[in-house]
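Following: one structure in structure tokens, then a few remarks.
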Number of protein chains: 2
Amino acid sequence: MSNAPIRPSDGELAILRVLWNRGPSTVRDVLTELSKDRDMGYTTVMKLMQIMVVKGLVVRDESARTHIYQAAQEEERTQSFLLKELMDKAFDGSAASLVMRAISSTKADERELAEIQAFLKRLRKERS
Amino acid sequence: MSNAPIRPSDGELAILRVLWNRGPSTVRDVLTELSKDRDMGYTTVMKLMQIMVVKGLVVRDESARTHIYQAAQEEERTQSFLLKELMDKAFDGSAASLVMRAISSTKADERELAEIQAFLKRLRKERS
DNA sequence: TGACATCTGCGAATGAGTTCGTAATCTGAT
DNA sequence: ATCAGATTACGAACTCATTCGCAGATGTCA
């Protein structure tokens with residue numbers, strides 16, 4: 001296989017998020033979703049998605065007149081990739097310091113903290 | 001104050017890391033350090049650092065012939081900023097899901113997991 | 001069928017980030 | 001004083017991401 005994940009740009013990542021949440025979608029679908037946040041033209045989104053096809057970030061079903069796009073990479077895979085990247089670039093490669101910074105500086109509420117702790121316990125048990 | 005942190009580019013971040021680790025440094029110092037990883041020319045680093053002065057990412061002591069550069073933003077502050085950014089762009093703004101992904105997908109060893117758990121416990125106690 | 005809307009493909013313009021060549025300036029040693 | 005080496009400043013070139021205008025093709029509906 002050896003399919004290393006491909007680094008999506010910011011705009012590409014926004015589109016991928018829509019595809020992950022909605023499943024297979026048309027350009028119009030994605031545009032409608034993205035328009036809630038920023039204001040962009042149809043052809044802008046179109047162009048980005050075309051580029052993403054070439055890069056292999058999405059796959060396209062061209063059988064119908066209106067093409068259907070689908071994410072080609074797992075959301076988890078991409079998230080892990082981006083985290084690893086940030087870890088290397090800004091945390092000297094230390095997962096622990098990244099996680100601790102995330103916990104303490106972002107406003108994770110008590111419920112989230114408890115969730116994280118439970119997750120951590122489970123993971124440690126599994127690994128032991 | 002209202003000094004929102006400034007988004008450093010990748011190259012700028014690499015330089016900031018050197019300044020955070022070494023403290024005030026010259027262009028040559030930074031170049032020497034960066035050369036361990038990638039291969040870049042003196043003027044390339046120089047140019048980047050000049051731009052960073054203009055942006056306010058670093059401050060420069062010009063009293064001597066050879067200027068001394070220093071990071072103008074705290075490392076923590078920048079790390080938090082970048083984490084928040086990634087959280088919004090790739091984790092739908094959820095700190096918990098980012099943290100759990102980071103814990104499970106990067107190879108944090110048992111020692112790191114224990115460290116995180118201790119940190120988490122302390123934080124929850126503080127907040128309660 | 002004809003008018004109209006929608007979709008795709010193409011190409012160009014813009015801007016940010018990066019890299020480096022060149023010139024000017026300064027320092028220190030001989 | 002002068003020369004070699006190091007440093008700074010300036011600007012050009014290049015890539016990549018982003019945005020959009022325009023043309024051509026296709027579908028819809030009166």
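Some points to look at:
- Test: residue in the range A:59-71 that is of a type in the set (Lys, Arg) and in contact with a His (Cβ under 6 Å, 6 or more places away or on another chain): yes
- Test result for B:Ala102, open to solvent by less than 30 Å² (accessible area, probe 1.4 Å), away from DNA strand D (no atom under 15 Å from the Cβ), without any contact (Cβ under 8 Å) to a residue 12 or more places away in the chain and under 19 Å from the mean Cα position of the chain (by Cα): yes
- Odd one out for B:Glu126 among (1) at the interface with chain A (Cβ under 7 Å from one of its Cβ atoms); (2) in a helix (DSSP H, G or I): (1)
- Residue in the range B:40-94 that is nearest to DNA strand D (Cβ to nearest atom), counting only those that are basic (Lys, Arg) and over 26 Å from A:Ser104 (Cβ atoms): B:Lys47
- Number of residues in the range B:68-96 that are assigned to a helix (DSSP H, G or I) and either more than 8 Å from chain A (Cβ to nearest Cβ) or open to solvent by 50 Å² or more (accessible area, probe 1.4 Å) (or both) equals 8.
- Condition met for A:Ser104 (out of contact with any Phe, Trp or Tyr (no Cβ under 6 Å at 6 or more places or on another chain) and hydroxyl-bearing (Ser, Thr, Tyr)): yes
- Of all residues in the range A:32-48, those satisfying the criterion of being away from chain B (no Cβ under 14 Å) and more than 8 Å from DNA strand C (Cβ to nearest atom) are A:Thr32, A:Ser35, A:Asp39, A:Met40, A:Gly41, A:Thr44, A:Val45, A:Leu48.
- Only listed residue being more than 7 Å from chain A (Cβ to nearest Cβ), farther than 29 Å from A:Ala14 by Cβ and over 20 Å from the mean Cα position of the chain (by Cα), chosen from B:Arg60, B:Arg111: B:Arg111
- Each residue in the range A:48-67 was checked for being surrounded by 13 or more Cβ atoms within 10 Å (Cβ to Cβ) and not in a loop (DSSP other than H, G, I, E, B), and 10 of them qualify.
- From B:Ala14, B:Ala4, residue being among the small types (Gly, Ala, Ser) and within 14 Å of another protein chain (Cβ to nearest Cβ): B:Ala14
- Criterion applied to A:Ser128, A:Ser97, A:Ser63, A:Ser105 was being at pLDDT below 95, closer than 18 Å to B:Glu112 by Cα and of a type in the set (Ser, Thr, Tyr), and the one residue passing it is A:Ser128.
- Of the listed requirements (1) touching a Ser or Thr at 6+ places or on another chain (Cβ under 6 Å); (2) within 22 Å of B:Ser94 (Cβ to Cβ); (3) not charged (D, E, K, R), A:Thr66 misses just one: (2).
The values are calculated or read from the model by the stated rules, or taken from the named source; none is laboratory data. This is a predicted model, so every value here is computed, not measured. In this analysis, Cβ positions are derived from the backbone assuming ideal geometry, glycine residues included, and neighbour counts consider all displayed protein chains. Ligands, DNA and RNA are excluded from the accessible area calculation, which covers all protein heavy atoms including side chains. Shrake-Rupley method; radii C 1.70, N 1.55, O 1.52, S 1.80 Å.
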